[in-house]
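First up is the structure itself, then whatever we jot down about it.
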Amino acid sequence: MTRNSGMTRRDLLKLPASAAALRATASLGFAQTVPQYAPLRDTPYPDSSDLEGPAFERVTFEMSPKPFRVMTEQGIRDVCVELFRQWAPLIRRVNGVAIMLWTADGSEILDYRGRMADEIEWARYIGIGSPPKDAPGDDPGRIGLHAKSHLYMENPPRMTYAALALIVKTLKSVGREMTGKPITVGATFDPGPEFANSKFKYVRHPEIAKGDTHGRDTWVSCIARLNADDVAYAGFPKGIAQDTSIGTFLGGQSEHFLKDLGYDYLWLSNGFGFSISAWDVKGPLFDGTRFDVGQASILRDKILGFWKDFRKQCPAFPLETRGTNLLLGSDLATSACPLQSIYDGGFNMTAPPNSPWAALDGDFGLELVGYLSRIAELPPGDKFPFRFYIHDPWWLNSPWFDRYGREPHDIYLPLALARINGNAGVTRPAYLEFLTVDNSYGRMPEQGPNEVTPHVLSAMDSYSDAPGLMTWICPFHEYHEMVFGSKPQPELAFFADWFLRGAVNAGLPLNTVVSTGNFLSSLQKNPDYFDDTILVSIVPPGGTAWEQKLMERVQRKLPVLFYGPVSHASEAMLELLNLKATTSIEGELTLASDLDLDHVLHGKQSMLIEHRSILCAGGVSTITRDAAKTGSQVLATVRSGAIQRVYAVQSGSAAWIRGTFSSSIPSTGSRIPIPDNPANYLLSEVLTRGVAARLGYSIRVEKPQAATRLPVIFGARCRNGYFLSGYSASTTVTLRLRLPWGAPVLVGVETWLEDGHSTYMMPRSWHREVRCFVDQKEGSEVSCVEHLAGMVGFQRRLLMKGLKDATVTFFPEGKERVILAANDMRLHNEQSIPYTRSADGSRITASGITGTLFISW
C-alpha cells in the first residue's frame, strides 16, 4: 500500500492522471511544483538546520529492461511505479530525475531503420553478450560468464522499438505523476561486447571493432571508419558510404533514434570518445618501455574528429559520458586523450564521473586521483556527476551487497572530495548516478535504496565547503602542453598522476583539487583561501605565476609539499629547497631516512626502492646545494653503491620528495601497473605521509606485516569542522593522528592519547566529524560524544571526557556563542570558562583542563 493513502498501488493506477498525480505526490511526501533543475549552491548550507535542501540537481537511475518482464502497458507501468516508490526518500532531496536505459550495447541505435515494429536484440543475458572469438586463457571450455551467456529468465519478452518507446513514455509520465519533478530518459552506447549480441559490430561491420580491450577484435574505436553497405538505416536511407566515420554514423543514427523514441540524451560508455585504449596503461604513445609523442597531435585530432562529426549529425541532444578508467596525465601521455579540447569544444557534454571500476578492487587511489584530475577543469556549466555501483545487471554481482559487503566506503570517500573553482569556492557534484537499480535477474531489491540512501544523504550533508587537509594543484592545462606542446614531457605527466595514486592508496589525505588556473584566480578573489590546507604540487616550471605564488606562500610560512623531478625548476626554487641537480641514479636504491615510517609488528620493513626511470620522469639526480644553509634539512637519501642522492628535504614550511612510482608495467595480463611487492620493497609513495608530518599533518600507521594494505583517509572541511572518511583494507591497522591544532578526537569514538597523537583502530568503512583537537603531555583515554541540547537557545552540545591538563582547540560551526564548561554538565549553565578565539573566529582554545569539557552552542 502507498504510505498514508489507504490505497493499493493498483488502486492508485486506476485514478485519472491528475488525481493519481496528486494522491501519489501527497503519499510520497513530494512537493507538487519544483523549479526545473534549480542550480545548487557553490558552497553547502551555512548551518545544520538547513540540511533538508536539495542534495543534487538530479538523480539518475540506471536500469536494464530486465524488470519489464510483462510487455503490456499495465505491466510496464507497474514497474515504473515501483521504481519511483522505492527511491522516494532520495527523490525528495533532488530537483529532477533521469532514467538511463541499458537496453542493449548501442547496437539498437546503430541498427535502427526507423521501423517501430522491428525487434531489438536486447540485453537479456547474464554474462557476455557477444562471446569472444577466442576462449579466455583460464577458461578453454567456455564455461564462465566471460565466454558464455545465459538468458536471465526462461522465455524473456520480445523487445521492439515500439515497446521501448512505450517504456520511455511511461517512465516519464509515471515519474512526473508521482514526483512532480522533471523526468528525463537517456540512451546508452557502449563500444564493447558485454551487454548484447551485436551483429552490427561483429558480423556486418567488424572493421570498427579492432580493439582488444575484451579480447581480440572486441572494442569499437571512436576513430574507426565503416565499410559501405546498402542497408536503409534511419539516418542513412541510402546506406553507408565507404569510409564513413563512426562519429558521423552514430550521430546520424542517434538523431533519429533519440527523437523517434522520446529520449532526452545519450551516454557514451567505457571511455568511448576519449581514448582508443581507455582501460589500458599502455597505448599508442607508450608501449611500456618508452614514450613517443610523435603522433600525439594526429591522434588528438582524430579523437576530436569523432566529436565534431557526431555533432554535425546530432547537434542538440546532450551527451553524458563514462570517461576512461585511468588518470588524466596517464591518458594524455599514453593515448593523447585531448580532454581539455573536448571540454572546451562546445560539444554540450558533461564531464565523466568517478570510475566504479577501480573501487571494486579497493584501488581508491586510482579511482579518486583519476576523478580529481578530470574535474579540476570542467566543460561550460561546471557540472560533474558522482556515480555509485549498487547492482550489475549483466555479470551476476551486486557490488553494494557482495563486493562492498554493505560498507559505504565508495560513497563517503568520493563524496569527501572538493573541487575548487575559479571564484574561491567549492563546486558540488550536480548529478547522482546509480549503476544500476536492478540486478542481473531483473529484480529491484528494496534493500538497495533503503540502505544506500541514508549514506548518500549523510555524505552530502557534510560535503566540503572549503579546501580539506590537503589540496592538489593539478596542472590540467600544463599536462596537455607536456604532450602536445613544443617541448613535450609525457613522462612527467604520466609520473605525476600515478605517484599520487600510490600516495592516496598509502594514506595521504589528498581530497581537494584545484587547477593551476583556478588556483591563481581564487587567490585573486581571496588571498587567504588556501591558508588552512597543505598545497601539493609537482615542482612548477620556472618563471611561471604558479611557481611565484607557491614561493610567496612559503615566505608566509604556509605549508607546501612539492614532489617530482627538479629538471625544469628555476634557480630560485632550487635555492629555496637547497637542491641542485647532478648525474642521476636509478634501479634498486637503498633508502636512509629520518622520517617516521610505519611500524611493522611482525617482520621488518624493507628499505629498498625500485626506481624505474621511464616510469618516474627520470632518475634521482639531486644533491644538497649548500650544506651550511640554516633552516634546511635533508629528510631522506637514496644510495646506489657508493653514489648517494638527496630524496626528500624540508626548508621552512616547504618540503620536497623526489618520489618513485613504485610499480611495474606488465607485458601481459593486467592492464594497469602492478605495485611492487611490499614484502621486498618499500613503496616510496608511503613516504609522503612522513614528509607531511614535518609540516604538521601526521598520520602514522602500525600494521601487522610489511605487506598489510594501508588505509585510505580523507579529511573534508564542512561548516568549519572536519569530516574524516576512511577505508580500512585491513582492519588490523592502527592509526595515530595529529594535525596542527593537536590530536583530533572523532565524535562518537574513544581514543588513547599518546605522544601527541590520537589512536584509532577503525572498521572497514568510516565517516566521523571532528571539531575538537587535544594537546596534552600525559597519556589518557579521551572521548568526545554528542549530547542532548536540553535547553531552548542551544543547538548542539559535545561532551569530552578523560582530559589531563589538556589544551583543547574547538572549531565552532559559526560565529554563535560558545560555552565551555569544565566538569560542569548543567544544561542551564550560561557561564563559560575563559578561552581565546582566533582573529577570524574559526577556532576557540582553552587550556589546563582536567576531567570533562562540556561544549555548548
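The values are calculated or read from the model by the stated rules, or taken from the named source; none is laboratory data. Note that the structure is a prediction, hence the values are computed from the model and not measured. Methodologically, a virtual Cβ is constructed for each residue, glycine included, from the backbone with ideal geometry; neighbour enumeration extends over all protein chains shown. Each accessible area value is taken on the protein alone, full model and side chains, heavy atoms only, with ligands, DNA and RNA left out. Shrake-Rupley method; radii C 1.70, N 1.55, O 1.52, S 1.80 Å.
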Checklist line | Within segment 468-506, considering residues that are farther than 24 Å from His611 by Cα and among the charged types (D, E, K, R), the one most open to solvent (accessible area, probe 1.4 Å) | finding: Lys487
Note to self: Please go through segment 814-829 and give me each residue that is at pLDDT 95 or above and of a type in the set (D, E, K, R), ordered by number.
What the structure shows: Asp824, Arg826
Margin query: Show me the helices (runs of 4 or more DSSP H) found entirely inside segment 370-488 where at least 2 residues are within 17 Å of Asn518 (Cβ to Cβ).
Written below: 476-484
Check: Taking only pairs six or more apart or across chains, which ones have beta-carbon atoms under 7 Å, a first residue in segment 453-467 that is open to solvent by 10 Å² or more (accessible area, probe 1.4 Å), and a second residue that is at pLDDT below 95 and assigned to a loop (DSSP other than H, G, I, E, B)?
Finding: Asp461/Leu51; Asp465/Thr43; Asp465/Pro44
Margin query: Looking at (1) over 24 Å from Val168 (Cα atoms); (2) under 30 Å from the mean Cα position of the chain (by Cα); (3) modelled with pLDDT of 95 or more, which one does Tyr202 not meet, given that it meets all the others?
Written below: (2)
Check: Would a scan of segment 677-696 turn up a residue that is under 25 Å from the mean Cα position of the chain (by Cα), among the acidic types (Asp, Glu) and either under 26 Å from Pro467 (Cα atoms) or modelled with pLDDT of 95 or more (or both)?
Finding: yes
Next item on the list: Among the residues of segment 184-221, write down those that are among the aliphatic types (A, V, I, L, M) and open to solvent by 10 Å² or more (accessible area, probe 1.4 Å).
Entry: Val203
Next item on the list: Out of Leu574, Leu558, Leu597, report the one residue that is open to solvent by 50 Å² or more (accessible area, probe 1.4 Å), of a type in the set (A, V, I, L, M, F, W, C) and either free of Cβ contacts under 8 Å to residues at least 60 places away in the same chain or in a loop (DSSP other than H, G, I, E, B) (or both).
Entry: Leu597
Next item on the list: Could you identify the single residue in Ser663, Ser670, Ser651 that is under 31 Å from the mean Cα position of the chain (by Cα), open to solvent by less than 60 Å² (accessible area, probe 1.4 Å) and either of a type in the set (Lys, Arg) or at pLDDT 95 or above (or both)?
Entry: Ser663
Note to self: All but one of (1) of a type in the set (Lys, Arg); (2) under 26 Å from Leu250 (Cα atoms); (3) crowded, with 17+ Cβ neighbours inside 10 Å hold for Lys181; state the number of the condition that does not hold.
What the structure shows: (2)
Check: Within segment 531-555, restricting attention to residues that are part of a loop (DSSP other than H, G, I, E, B) and β-branched (Val, Ile, Thr), which residue is most open to solvent (accessible area, probe 1.4 Å)?
Finding: Thr544
Checklist line | Options Ser832, Ser847, Ser783, Ser856: the member that is polar (S, T, N, Q), in contact (Cβ under 8 Å) with a residue 60 or more places away in the chain and either surrounded by 13 or more Cβ atoms within 10 Å (Cβ to Cβ) or in contact with a Cys (Cβ under 9 Å, 6 or more places away or on another chain) (or both) | finding: Ser856
